[in-house]
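The values are calculated or read from the model by the stated rules, or taken from the named source; none is laboratory data. Bear in mind that the values here come from a model prediction, so they are computed numbers and not experimental data. Heads up, the Cβs are rebuilt from the backbone with ideal geometry, glycines too, and the neighbour counts pull from every protein chain shown.
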Amino acid sequence: MRDTDGSQGPLSGIRVADFTWAWAGPQGTLLLGMLGAEVIKIESHARLDHARVHSLTAGAVRGGYDESPLFNDLNLGKLSIALDLRKEEARDLARRLVARSDVVTQNMRPGVLDRLGLGYQDLRAVKPDIIMLSSSAVGATGPEASYAGYAPTFACMSGAVEITGYPDQPPSPLSGAVDLRVGTTAAFAVLAALHHRERTGEGQNIDLSSTEVMSSMIGEAFLEYSVCGRLPQRSGNRDGAMAPHNCYRCKGEEQWLSIAVGSEAEWGALRAVIGDPELGGDAFADPAARWRNQERLDGILERWTRERDPREAMEILQRAGVAAMVVHTGASIGKDPHVRARGVFERVIHPRIGEKAVVRPPWRLEGVRVRRAAPLIGEHTEYVLEEILGLSRQEIDRLAEAGVLR
């Protein structure tokens with residue numbers, strides 16, 4: 001579906017047949033769509049996208065399945081065709097769509113699409129240079145390949161949760177942020193495969209393990225164990241060398257400021273701002289001493305921050321040359337002057353939700369933008385069948401009556 005304003009992104013002309021659902025998969029195709037690809041979401045009333053009805057963190061979605069803010073955020077700019085893949089005619093339509101696509105994405109358990117005749121080998125038969133990305137909990141091979149999983153599962157199995165949190169508390173659970181990392185990695189893999197196909201003419205079968213994505217992001221933990229024989233421990237906000245390096249309570253309800261000092265010049269500037277004579281003692285005479293006495297040091301700094309608004313304290317420290325930043329809440333980040341100046345949020349009009357603020361693409365590239373709100377389920381079925389697959393009005397009516405288009 002062409003954009004009415006004629007703008008084109010770097011992936012203009014690329015079509016994605018998108019079987020993904022929930023969070024991680026749709027995040028990947030969201031980014032591809034923002035880059036200009038035409039993303040066609042293949043979904044069904046018979047198996048609603050998880051994000052249309054439920055959130056692991058917020059519970060059941062209020063309103064109908066076309067009114068989910070979560071679904072809207074993850075599926076901006078996409079098109080939707082409703083196909084009941086339990087029916088062979090629907091599966092045949094899906095194969096015909098793939099034959100006119102460049103990329104296929106899915107994040108079901110390994111083997112699900114194969115059993116429907118929509119696995120990589122089936123789709124390669126109708127489109128030899130197709131790029132297929134399959135994202136799953138632990139990958140499509142190995143003794144645990146059949147495991148289902150959501151973001152907390154990926155995070156635990158990867159090792160990331162074990163080193164996340166405070167030393168005197170249990171490991172901290174990780175959820176939605178994990179899915180977004182997996183989806184972003186999936187988009188990167190598809191871009192690499194498109195580049196490879198442009199050079200060689202060859203498609204790709206990409207097997208992405210969500211668990212391995214998260215493991216790849218804590219390489220320093222594996223390196224510490226393999227080189228030094230030490231198991232990394234949870235350390236909260238503290239650093240292995242810098243001190244002070246923490247979040248400090250400020251004036252007001254749940255108001256915090258992050259401070260990090262990495263050099264003697266910064267330490268001198270911090271001392272001058274705080275003006276507490278205790279900071280001149282032997283306990284804080286050098287970086288090693290400050291690191292050993294972090295608890296006492298944090299207490300002194302927090303006496304100063306507690307008397308100040310976090311933004312005021314941040315500006316005082318930054319002017320002095322000390323790295324400091326307000327810890328934003330969901331409510332405060334939208335009011336932040338830098339965020340507003342960058343235009344991080346923009347507004348879309350959704351036919352059920354109404355006007356809504358959404359996060360624009362993280363890149364500033366010609367033609368890269370939020371193209372439209374997320375689709376209603378099956379909103380573009382007729383467009384796909386008529387304009388892309390060339391079906392007649394009579395054939396579409398017959399398929400609808402047969403329950404194929406639902």
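For region 277-309, a tally of residues being closer than 30 Å to ASP336 by Cα, surrounded by 14 or more Cβ atoms within 10 Å (Cβ to Cβ) and either of a type in the set (Ser, Thr, Tyr) or in contact with a helix residue (DSSP H, G or I) (Cβ under 9 Å, 6 or more places away or on another chain) (or both) returns 6.
Each row is one residue, and each column tells you yes or no for (1) of a type in the set (Asp, Glu); (2) touching a strand residue (DSSP E or B) at 6+ places or on another chain (Cβ under 6 Å); (3) within 30 Å of ARG47 (Cα to Cα).
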site: PRO287; (1), (2), (3): no, no, no
site: GLU302; (1), (2), (3): yes, yes, no
site: GLU312; (1), (2), (3): yes, no, no
site: ILE316; (1), (2), (3): no, no, no
site: ARG340; (1), (2), (3): no, no, no
site: TRP363; (1), (2), (3): no, no, no
site: PRO375; (1), (2), (3): no, yes, yes
site: TYR383; (1), (2), (3): no, no, yes
site: GLU395; (1), (2), (3): yes, no, yes
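In the condition set (1) modelled with pLDDT of 95 or more; (2) under 25 Å from GLN169 (Cβ atoms); (3) not assigned by TED's automatic domain parsing to the domain that holds ALA313, TRP291 is compliant with all but (3). Within region 239-284, being within 13 Å of ALA324 (Cα to Cα), more than 37 Å from the chain's Cα centre (by Cα) and of a type in the set (Val, Ile, Thr) holds for one residue alone: VAL273. Quick one: which residue in ALA51, ALA58 is surrounded by 21 or more Cβ atoms within 10 Å (Cβ to Cβ), closer than 18 Å to LYS356 by Cβ, out of contact with any Lys or Arg (no Cβ under 7 Å at 6 or more places or on another chain) and at pLDDT below 95? Result: ALA51 is the single residue among ALA51, ALA58 that is surrounded by 21 or more Cβ atoms within 10 Å (Cβ to Cβ), closer than 18 Å to LYS356 by Cβ, out of contact with any Lys or Arg (no Cβ under 7 Å at 6 or more places or on another chain) and at pLDDT below 95. Could you list, in sequence order, the residues of region 188-211 that are assigned to a loop (DSSP other than H, G, I, E, B) and buried (at least 17 other Cβ atoms within 10 Å of the Cβ)? Residue satisfying the conditions is GLY203 alone. Annotation note: Cβ proximity below 7 Å between a residue of region 208-226 that is assigned by TED's automatic domain parsing to the domain that holds GLY142 and a residue that is part of a strand (DSSP E or B) and hydrophobic (A, V, I, L, M, F, W, C) (sequence gap 6+ or interchain) occurs for LEU208/LEU133. Inside region 227-247, residues that are free of Cβ contacts under 8 Å to residues at least 60 places away in the same chain, farther than 16 Å from SER172 by Cα and not charged (D, E, K, R) make up a count of 11. Checking the condition buried (at least 24 other Cβ atoms within 10 Å of the Cβ), over 20 Å from MET1 (Cβ atoms) and assigned by TED's automatic domain parsing to the domain that holds GLY117, which residue from GLY25, GLY33, GLY64 passes? Just a single option satisfies the conditions, and that option is GLY25. Among strands (runs of 3 or more DSSP E) entirely within region 267-381, having at least 1 residues that are at positive phi and free of Cβ contacts under 8 Å to residues at least 60 places away in the same chain singles out 354-359. Are any of the residues in region 148-162 of a type in the set (A, V, I, L, M), touching a Ser or Thr at 6+ places or on another chain (Cβ under 6 Å), crowded, with 17+ Cβ neighbours inside 10 Å and closer than 28 Å to ARG91 by Cα? No.
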